[in-house]
Every structure is written in structure tokens, then in C-alpha cells.
1. Could you put MET130, MET66, MET86 in order, starting from the residue whose Cβ has the fewest other Cβ atoms within 10 Å?
2. Debye calculation, C-alpha points only, no solvent: report log10 I(q)/I(0) for region 23-150 at q = 0.21 Å⁻¹, in the same order as the q values.
Amino acid sequence: MTITPDERLTSTDRMRYTKNSFSSGLILIAIVFDVLFFVLLYRQDVESYYYTWKIGASIIYNLIFMLAAFLASEEVKNRKPGNGTMILLLVLAVIQIVRIFIFPVQAHSAVVTVSGEDVQVLSDAKFFRMVIYLVASAVCLVIAAITHTAQNKTLGDYLSHIDHKSE
């Protein structure tokens, strides 16, 4: 099935009146993956391994992440022009990837002594789940940024074409 030029024109024109729910939804899914990550992380209780300033910084970052991602979701949904949202989404995605090396990797390789017995701080299964959550969150953010930018470019080109045509 091929799309005719008229159908493409109609779908592009329709973008002026509809919300960008695809990119917005991906950002909300990225937030859900982040929530799954930090719930899994904060449920860990191996001696006092997690009782450091880093866990406090992680909590603050999660709040900032969720707020920034939600606001970006609203901007994307309403098709706000400009590259600021795309840059924000890409920065958040990079930070999600970097976070893999802060808690999951360090905790996975750490061993603490509990009641005279050496215990791995983070099991293999939980480590892989945490990594999957953070990577999935980052991937959702990158795809949302790319689709948002592509749709904005298509809509912007269409609107400038309409403006030149009416003159």
C-alpha cells in the first residue's frame, strides 16, 4: 500500500490541529522506566551500603528528571517549536546511560560483610533489570527527540510553504 501525495498532504496539514501524542507518550514511558529503576534501587537494603550522599543526590536527580521529562512531554505534545526540548531530551538520555555506571555497576561489583558472611550488594538479576530500565528510558527519550524534531521540521516546512503560497 502506497501513500498518495494527497494523503501525505492531508496528514501533514492535520499536524497543525492534533497533538504529538507519540513522542509525548514515549517520554511518559521513559519516566515509568525511571520509576521502576529507582523503586528497585531504593528497595535494596544491604547493610549500610546505600546510606551515602549519593543516594540523596539520586533521589533529588530522580525528582528533577521526572519534572523535566514531564515538562518536555507537554512541550512535545503541543508541538512547541525550537530545539531546546530536543536537546533536553538528549541530555536526559545521556544522563540515564551514565547512571548505569553510578549505582548498578558499582553495587554489582561490591561485596559487604553481613553477620560475618560476604554478600554481593546487587544480584545479577537485579543488576540486569536496572540496566534494562535505564537503557529503555534513554532509548524512549532519544526516539521521542528524533520524532519530535522530524515532525516539527515537516510541519515547519509545510507552514512556510503555505505562507509563500498565500502571498
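1. MET66, MET86, MET130
2. With no solvent term, the Cα-only Debye profile gives -1.11.
Bear in mind that the values in this text are calculations on the coordinates, not laboratory data. Just so it is clear, the structure is predicted and the values come from calculations on it, not from any experiment. We place every Cβ from the backbone using ideal geometry, glycine too, and count neighbours over all the protein chains shown.
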